[in-house]
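S.K.: What follows is a structure written as structure tokens; I'll ask about it next.
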Amino acid sequence: MASLLAKDSYLQNLARKICAQPSAEPQKRKWAGQTENSKAAGPSKKKRKKTQKKFQEQREKAAEHKAKSVEKSPAASGAKESVTTEEGEASTVAPAERPTPEPDSFFALDVLRQRLHEKIQEARGQGSTKELSPATLEKRRRRKQERDRKKRKRKELRAKEKAAKAGKTEVATEPAPVAPCPEPQEQTGLIFNKVEVGEEEPASKAQRQKEKRQQVKGKLTPLTGRNYRQLLERLQARQARLEELRERDTGQAQALEAKMQWTNLLYKAEGVKIRDSEPLLQEALKRKEKRRAQRKRKWEKRTAHVVEKMQQRQDKRRQNLRKKKVAKAERRMEKARKKGRILPQDLERAGLV
């Protein structure tokens, strides 16, 4: 910035000097008839009028240039004011004594001032954005948004820090509550803070069978499952045993029957489905046998169908191979006939053999 201001001041001083200097007049040629007395008398009236008109035209041109330069570079107004004051002072002088202005030099100075002003604005970040591409404008806009966001974030952090400090000071000022002394607890005989669980080894087959026997109520295994044939056999065996006991001792038979009924009720209470009805077991067995027979028939039918399909494919394959063989032989015979050979088949057809 300092260098730009120095340049601006230098240009303004240079403009003042250029405006103040009189224009170098060309040497006038001496006429033979002109004497010193005629020079002292001064220029004639016609020449004075011409020079006045010329000065007026030049002044108008300079004013137009100034107006244009003011529109282009408003920052150079101070320099122009100084130039106008000097021109005003010079206008008080007689038109014959006034130096001729140079509009070209003024225009060059205005251009320089305008460039300097644009550079200053660009350095400040206030330059014109007409020549910039939309990508750069978008980049600038994003940077500005990012700066604003960071600024807001810093403000929020400062506010939070202040609030936290204020809260800490309030907590520090408050007196700490006195904690009541803990009463000694009476130690009980049992402490449940440690429980050791050992990894149990998998039970053996004998152990599992023993547990299963213990679960059996009244030493009677429940009639459960879907093996209807086995269930029916077990039920028939129980009934046969009861019949034998009735023949020998009716009391024991009744006690055993009551025991069976009670055990079945206990199993049913636990949610076990007991299948102790002989007619239902027979019907279920018939259904199962019927379903099995149907499946067997379906399977046999399927196997027969598969075998039949396989046989059909084999026959078709053999037939195709035979056709290919015959066609190949025919092609060979045709080639031989084309070559002029006489085949036995042709002789047989002609009846020569």
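S.K.: Test residue 281 against the criterion of being assigned by TED's automatic domain parsing to the domain that holds residue 224 and not basic (Lys, Arg), and give yes or no.
M.R.: no
S.K.: Further question: From the list 246, 158, which residue is at pLDDT 70 or above, farther than 30 Å from residue 267 by Cα and not hydroxyl-bearing (Ser, Thr, Tyr)?
M.R.: From the options 246, 158, the qualifying one is 158.
S.K.: Does any residue of the range 284-304 turn out to be basic (Lys, Arg) and either in a loop (DSSP other than H, G, I, E, B) or surrounded by 12 or more Cβ atoms within 10 Å (Cβ to Cβ) (or both)?
M.R.: Yes: one or more hits.
The values are calculated or read from the model by the stated rules, or taken from the named source; none is laboratory data. Values in this document were obtained by computation on a predicted structure and should not be read as measured data. Neighbour counts run over all protein chains shown; Cβ positions are idealised from the backbone, glycine included.
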